[in-house]
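**Q** One structure, pasted below without further comment.
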Amino acid sequence: MSNETLQAVRGMNDILPDEAALWLWFEEVVRDWLHSYGYRNIRMPLVEPTSLFKRAIGEVTDIVEKEMYSFEDALNGDLLTLRPEGTASCVRAALQHNLLYNATQRLYYYGPMFRHERPQKGRYRQFHQFGVEALGFAGPDIDAEQILMCARLWRKLGLKDISLQINTLGDTAARQRHRSRLIVYFEQHRELLDADALRRLHSNPLRILDSKNPAMQSLIAAAPALSDELETEALRHFEELQTILRRHDLPFEINPRLVRGLDYYNRTVFEWVTQRLGAQGTVCAGGRYDGLVEQIGGKPATATGFAMGVERLLALLQEDGMALPKSQVNVYVVHQGELAGRLASQVAELLRDDQLRVLLHCGGGSFKSQMKKADASGATVAVVIGDDEAQAHEVSVKPMQGGVQQRVSVQNLAATVKTFIK
Ligand code: ATP
Ligand code: MG
């Protein structure tokens, strides 16, 4: 057996306590924001049948072809996959539990997603998304609401330098016509296609358009545009979306090359992009996916949603110098002697009854060394108990930022401590 120190899986990160404080704060802000728009939490398994993602995301996509953690259940041979995204699971759950058709749903979920990509800044193999899905809404009003709510979140977080790109992918017939024109066009330039593009030329030419290969960008830029094929209804939907965004003074750019990496989108697609994270500049992305429910076996249902990449948003906040208080502990209880020890643990519990956050010193040591720990803990006050205090059923309260130490009865302790806490 090797004695090598074991490491986490490449591309899967530990989030240590200092950084986790930022995560907790962020998660709370995001949940408040979601609830303010009436979105309700849904929680799905991290593992789904592989066939769900194949059907929902599309067989000929980067995710399904290259990025999924799929495995065979050793006990029964089922083919399973660690979820690479949440929309497919969310819609599967809504369908399975009859949340569709008779009602509209505003749903959100949060958690890790898994994609076997090349790890780099802003791109990991386990990463986290907040996903937001509105089911049963057909109009551009909900598309606009989702975009506007993102803008509100960026304001809440104080994030600048994030800009909005939108596009429309039209409906099925337009995409079919566009697809045929793309095949003709790329056939004419076969020699410029890379291996992925060649393989996808006939199976999924739209995917060539979101290739990240720099060598193909000018070819892609000159490809036939979907906008020439759009139906009146889809165009009207897109126009109306823009009208609402303008009415709210929300700047946007129409990017006709924005096609998104998953097959399930139709009509509205959008991305929030920053220049500050290099090639990993998309922090939030989504759009309409009216065909998905049918694709996974339900009657047709309209839907629109988006997902934000938590690591990328936190990287932006950290770049902006976002700092959080190191500790939220209010009280550190220092004690020496047997009687004092007994009173100390009682006092700690009493203070917690009063909603205070209390660190009870464990492990003994001199008053001096305990006071050092109290200092390092970031607590606002130290409660000091020696055997003489304990005899009198009293304790000493020492404000850590300076000020006089005072002796109080156990009964008056919580009130005294609270005078030091804002
Ligand atoms: P990209 O083009 O950067 O690969 P994507 O189009 O594959 O992104 P989506 O499937 O739309 O990404 O996921 C929504 C968001 O989740 C992205 O905008 C991004 O912020 C985040 N995200 C996606 N993949 C990763 C990853 N491997 N690591 C960290 N965040 C990710
Ligand atoms: Mg990707």
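**Q** Which residue, SER163, GLY131, VAL47, has the largest displacement toward the positive end of the dipole of the chain when charges sit on each Cβ (Lys, Arg +1; Asp, Glu -1)?
**A** After comparing all options, I get SER163.
**Q** Let me ask something else. Taking a ≥ b ≥ c as the square roots of the eigenvalues of the Cα gyration tensor of the stretch 144-288, is the shape rounded (a/c under 1.5), prolate (a/b larger than b/c) or oblate? Write down the numbers at each step before the final one.
**A** Numbers: a/c = 2.66, a/b = 1.48, b/c = 1.79.
Cα axes put the stretch 144-288 in the oblate bin.
**Q** Ranked from highest to lowest mean number of other Cβ atoms within 10 Å per residue, what is the order of the peptides 216-222, 91-97?
**A** 91-97, 216-222
**Q** Same structure again: Considering Cα pairs under 8 angstrom that are at least six residues apart, work out the relative contact order of the stretch 27-149 and quote it in whole percent.
**A** Worked out over the stretch 27-149, it gives 25 percent.
**Q** Pulled fully out, how much extra length does the chain show between TYR69 and ALA392, if you take 0.36 nm times their separation in residues and subtract their Cα-Cα distance? Don't skip to the answer; put the middle values down first.
**A** Working: separation 323, 0.36 × 323 = 116.28 nm, distance 6.35 nm.
Working it through step by step, the gained length comes to 109.9 nm.
**Q** How would you classify the chain from its alpha-carbon gyration tensor, with a ≥ b ≥ c the square roots of the eigenvalues: rounded for a/c under 1.5, else prolate if a/b is greater than b/c, otherwise oblate? Let's see the in-between values first.
**A** Details: a/c = 2.60, a/b = 2.26, b/c = 1.15.
Prolate, because a/c is 1.5 or more and a/b exceeds b/c.
**Q** In what sequence, highest mean first, do 284-290, 363-369, 164-170 appear when ranked by Cβ atoms within 10 angstrom?
**A** Put in order of decreasing packing, that is 284-290, 164-170, 363-369.
**Q** With a probe of 1.4 Å, find how much accessible area the stretch 59-183 has per residue, and write the answer as a whole number in Å².
**A** 43 Å²
**Q** Given a 1.4 angstrom probe, what's the average accessible area per residue across the stretch 254-335, in square angstrom?
**A** 34 Å²
**Q** In nanometres, what is the gap between the two model label sites at ALA103 and TYR185, each 7 Å from Cα along Cα-to-Cβ?
**A** So the label points at ALA103 and TYR185 sit 4.4 nm apart.
**Q** How big is the dipole moment of the stretch 69-136 about its Cα centre under a simple scheme where the beta carbon of each Lys and Arg is +1, that of each Asp and Glu is -1, and everything else is neutral? Debye, nearest 20, please.
**A** With only Lys, Arg, Asp and Glu charged at Cβ, the dipole is about 400 debye.
**Q** Further, regarding this structure: Give me the distance in nm between label points sitting 7 Å out from Cα along the Cα-to-Cβ direction at ARG118 and ASP194, one decimal.
**A** Simple spin-label model gives 0.8 nm for this pair.
**Q** For the chain, give the percent of accessible area contributed by carbon and sulfur heavy atoms, probe 1.4 Å, rounded to a whole number.
**A** 51 percent
**Q** Using Cα-Cα distances under 8 Å and only pairs 6 or more residues apart, what relative contact order does the stretch 235-354 have, in percent?
**A** Relative contact order for the stretch 235-354 comes out at 14 percent.
**Q** Sticking with this one: Put +1 on the Cβ of each Lys and Arg and -1 on the Cβ of each Asp and Glu in the chain; which of LEU413, GLY321, HIS189 then has its Cα farthest toward the positive end of the dipole?
**A** GLY321
**Q** Taking θ as phi - 60°, what are the ³J(HN,Hα) couplings along the stretch 194-201 by the Karplus curve (6.51, -1.76, 1.60), each to the nearest whole Hz, with x for Gly and Pro?
**A** Each residue's phi maps through the Karplus curve to give 7, 4, 4, 5, 4, 5, 8, 3 Hz.
**Q** If you stretched the chain out fully between TRP23 and SER409, how much longer would it get, using 0.36 nm times the residue separation minus the C-alpha to C-alpha distance?
**A** That pair, TRP23 and SER409, stretches by 135.1 nm at full extension.
**Q** On to the next question. R0 = 60 Å: FRET efficiency of LEU350 with ARG257, Cβ-based, nearest 0.05?
**A** In this case the efficiency is close to 0.40.
**Q** Calculate the spin-label point distance for TYR37 paired with ARG236, positioning each point 7 Å from the Cα along the beta-carbon direction, and give it in nanometres.
**A** Here the answer is 2.6 nm between the modelled labels.
**Q** For the chain, what is the relative contact order in percent, using Cα pairs closer than 8 Å and at least 6 residues apart in sequence?
**A** 14 percent
**Q** Next question, about the same structure. For the stretch 272-416, give the magnitude of the charge dipole about the Cα centre (Cβ charges: +1 Lys/Arg, -1 Asp/Glu; no others), in debye to the nearest 20. Show your work: numbers first, answer last.
**A** On the way: 13 positive and 14 negative charges, 70 e Å.
Roughly 340 debye for the stretch 272-416.
**Q** Which percentage, to the nearest 5, of the DSSP beta bridges contained in the chain is antiparallel?
**A** 80 percent
**Q** Given +1 on the Cβ of Lys and Arg, -1 on the Cβ of Asp and Glu, and no further charges, what dipole in debye does the stretch 217-313 carry about its Cα centre, rounded to the nearest 20?
**A** Result for the stretch 217-313 is approximately 320 debye, rounded to the nearest 20.
**Q** What's the extension gain from GLU319 to ARG152 if we count 0.36 nm per residue and subtract their Cα-Cα distance?
**A** Details: separation 167, 0.36 × 167 = 60.12 nm, distance 2.01 nm.
Length gained, GLU319 through ARG152: 58.1 nm.
**Q** For a protection proxy built on the mean count of beta-carbon atoms within 10 angstrom, sort 149-159, 381-391 highest first, please.
**A** By packing density, highest mean first, the sequence is 381-391, 149-159.
**Q** May I pose another question? Classify the stretch 233-273 as rounded, prolate or oblate from the Cα gyration tensor: take a ≥ b ≥ c as the square roots of its eigenvalues, call it rounded if a/c is under 1.5, otherwise prolate when a/b beats b/c and oblate if not.
**A** Because a/c hits 1.5 or more and a/b fails to exceed b/c, the stretch 233-273 counts as oblate.
**Q** For the stretch 53-63, what does the Karplus curve 6.51 cos²θ - 1.76 cosθ + 1.60, with θ = phi - 60°, yield as ³J(HN,Hα) per residue in whole Hz, taken in order and with x for Gly and Pro?
**A** After applying 6.51 cos²θ - 1.76 cosθ + 1.60, I find 6, 4, 6, 7, 7, x, 5, 9, 9, 4, 4 Hz.
**Q** Something else now. If I take R0 = 22 Å and measure r between the Cβ atoms of LYS299 and SER51 in this structure, what FRET efficiency does the formula 1/(1 + (r/R0)^6) give, to the nearest 0.05?
**A** Working: r = 19 Å, r/R0 = 0.89.
Using R0 = 22 Å, I get an efficiency of 0.65.
The values are calculated or read from the model by the stated rules, or taken from the named source; none is laboratory data. Everything numeric here is computed off the predicted structure, so don't read it as measured data. Please note: Cβ atoms are built from the backbone with ideal geometry, for glycine as well, and neighbour counts cover all protein chains shown. Surface areas here come from the heavy atoms of the whole protein model, side chains and all, with no ligands, DNA or RNA. Shrake-Rupley method; radii C 1.70, N 1.55, O 1.52, S 1.80 Å.
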